[in-house]
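See structure below.
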Amino acid sequence: MSVYFTDTDPTMRARASSGPLGQAALAALRAPSVFNTQPWRWELHDGVADLRAELGRRLPALDPDSRLLVVSCGTALNHAVVSLAAGGHAVAVHRLPDPDDATLLARLVLTGRRTPEPMDLRMAQATTVRRTDRRPFSAIPVPEESIETLRAAAERHGAHLQFLRDDQVVELTVAASHASDAEITDRRYRAELSAWTHRPPGSADGVPVTGAVSTVPRRVPVRDFAPGDHATLDPGEDSDAGTRYAILFTDADTPTDWLIAGEAMSAVLLTAVCSGLASSPMSDVTEVPSVRQSLRQLLSGLGWPVLALRFGIVHRPGEVPRTPRRTPGEESS
Ligand SMILES: Cc1cc2nc3c(=O)[nH]c(=O)nc-3n(C[C@H](O)[C@H](O)[C@H](O)COP(=O)(O)O)c2cc1C
């Protein structure tokens with residue numbers, strides 16, 4: 001039996017979503033995704049869950065190669081695995097299992113029971129409270145041991161996290177400004193941004209202006225999600241003085257690497273929550289090819305930058321509103 005998680009038949013849906021894989025697919029809905037496109041769907045069979053890319057949710061101007069789409073699917077994949085681990089389920093992950101089927105990104109196969117570790121439970125709890133926080137972070141420094149823990153989380157998934165020195169942060173600032181200039185003057189990018197920040201009423205995706213922060217002086221500019229609009233999230237008094245910036249990168253630049261990068265990104269962001277850190281991704285610096293190339297130089301050509309991440313401590317945690325999520329029965333648009 002094959003059940004699309006997006007099946008609209010309530011009986012089939014209930015049966016599929018009540019099992020551990022269905023529950024994991026539900027938990028994976030909380031994963032971060034580029035422009036909150038949630039570009040995946042799950043197909044559930046007996047003891048097997050297939051994760052598929054939904055190419056109709058790709059961002060053609062911003063992400064012509066589908067790299068960020070696959071990274072987003074990778075975050076959902078790891079969120080699902082985290083949920084299964086906390087529920088005491090062992091699972092095998094087969095990445096891109098069918099060379100003739102490029103949209104089949106991963107197959108999860110239940111392999112038995114395991115005893116969850118306390119950290120598994122904390123990571124699963126972190127999926128329920130994690131948010132992208134674009135506000136400037138405080139001057140309180142990120143502890144060195146947290147940085148080591150975040151780096152280790154990326155390595156465990158086969159990706160790497162390079163934390164930037166102050167002189168390299170200056171280069172990231174230049175990269176972010178160049179990316180912003182290149183994108184905002186591109187009509188196709190502006191149309192895409194507008195489409196995903198002004199969703200039709202009742203839509204359960206995209207980035208609402210309630211999560212956008214007005215432009216304020218800060219070390220590295222973040223993507224402006226409300227150009228010309230009034231961003232509603234109060235940026236506060238901080239200016240990112242204690243913020244640490246890192247580049248998530250992979251050894252190669254294939255779809256498997258992008259998927260692994262997404263899994264690592266999920267693990268890193270959930271680990272940040274467990275370490276009391278706020279975070280937000282910055283993929284604008286890898287969307288413009290020449291700017292991505294400049295980040296490669298920051299890595300001394302040793303890997304392929306996927307995106308940048310910022311980590312810090314906020315004075316007012318929990319104030320960032322939740323972004324919407326699709327419901328399991330919804331067909332893709
Ligand atoms: C691949 C990827 C790229 C992203 N790029 C950016 C970005 O450039 N700027 C930003 O502020 N948020 C970025 N985000 C965060 C998404 O906008 C965010 O995950 C989405 O709106 C859902 O909100 P949430 O993370 O609070 O659940 C990115 C997320 C992913 C997975």
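Before moving on, here are some points about what is shown:
- Bridges between two residues of segment 144-312, per DSSP, are antiparallel at a rate of about 95%.
- Approximate spin-label separation Asp234-Asp181, in nm, with each point projected 7 Å along Cα-to-Cβ: 3.5
- Counting only Cβ charges, +1 for Lys and Arg and -1 for Asp and Glu, the dipole size of the chain around its Cα centre is about 580 debye.
- Taken along the Cα-to-beta-carbon direction at a fixed 7 Å, the label points for Arg114 and Ser194 span 4.8 nm.
- Its alpha carbons give segment 144-312 an Rg and a Dmax of 16.1, 46 Å.
- Where only C-alpha atoms are counted, convex hull volume of the chain per residue in Å³: 128
- Probe 1.4 Å, accessible area per residue of the chain, Å²: 42
- Here the dipole of segment 8-129 is about 340 debye; that uses its Cα centre as origin and unit charges on the Cβ of Lys and Arg (positive) and Asp and Glu (negative).
- Helical content alone sets the calculated 222 nm signal of the chain at -12000 deg cm²/dmol, taking -39,500 (n - 2.57) per DSSP H segment of four or more residues and averaging over every residue.
- Evaluating 6.51 cos²θ - 1.76 cosθ + 1.60 at θ = phi - 60° for every residue in segment 275-292, the Karplus couplings come out as 8, x, 10, 8, 7, 8, x, 9, 9, 4, 6, 10, 7, 9, x, 5, 6, 4 Hz, glycine and proline recorded as x.
- A protection proxy built from the mean count of other Cβ atoms within 10 Å ranks the segments 200-209, 288-297, most packed first, as 288-297, 200-209.
- Kirkwood-type radius of segment 234-312, with distances r between different C-alpha atoms, in Å: 13.5
- From the Kirkwood radius over Cα pairs of segment 8-129, Stokes-Einstein at 4 °C and 1.567 mPa s returns a whole-number translational diffusion coefficient of 87 µm²/s.
- Residues Arg95 and Leu121, FRET efficiency given R0 of 25 Å [Cβ-Cβ distance, rounded to 0.05]: 0.45
- FRET efficiency for Asp167 and Glu319, using Cβ-Cβ distance with R0 set to 25 Å, rounded to 0.05: 0.15
- Compared with the alpha-carbon gap, the fully stretched path from Thr215 to Ala241 is longer by 7.8 nm at 0.36 nm per residue.
- Length released on extending from Thr103 to Ser300, taking residue separation times 0.36 nm less the Cα-Cα span: 67.7 nm
The values are calculated or read from the model by the stated rules, or taken from the named source; none is laboratory data. Values in this document were obtained by computation on a predicted structure and should not be read as measured data. All Cβ positions, glycine included, derive from the backbone under ideal geometry; neighbour counts span all protein chains shown. The accessibility values were calculated without ligands, DNA or RNA, using every heavy atom of the protein model including side chains. Shrake-Rupley method; radii C 1.70, N 1.55, O 1.52, S 1.80 Å.
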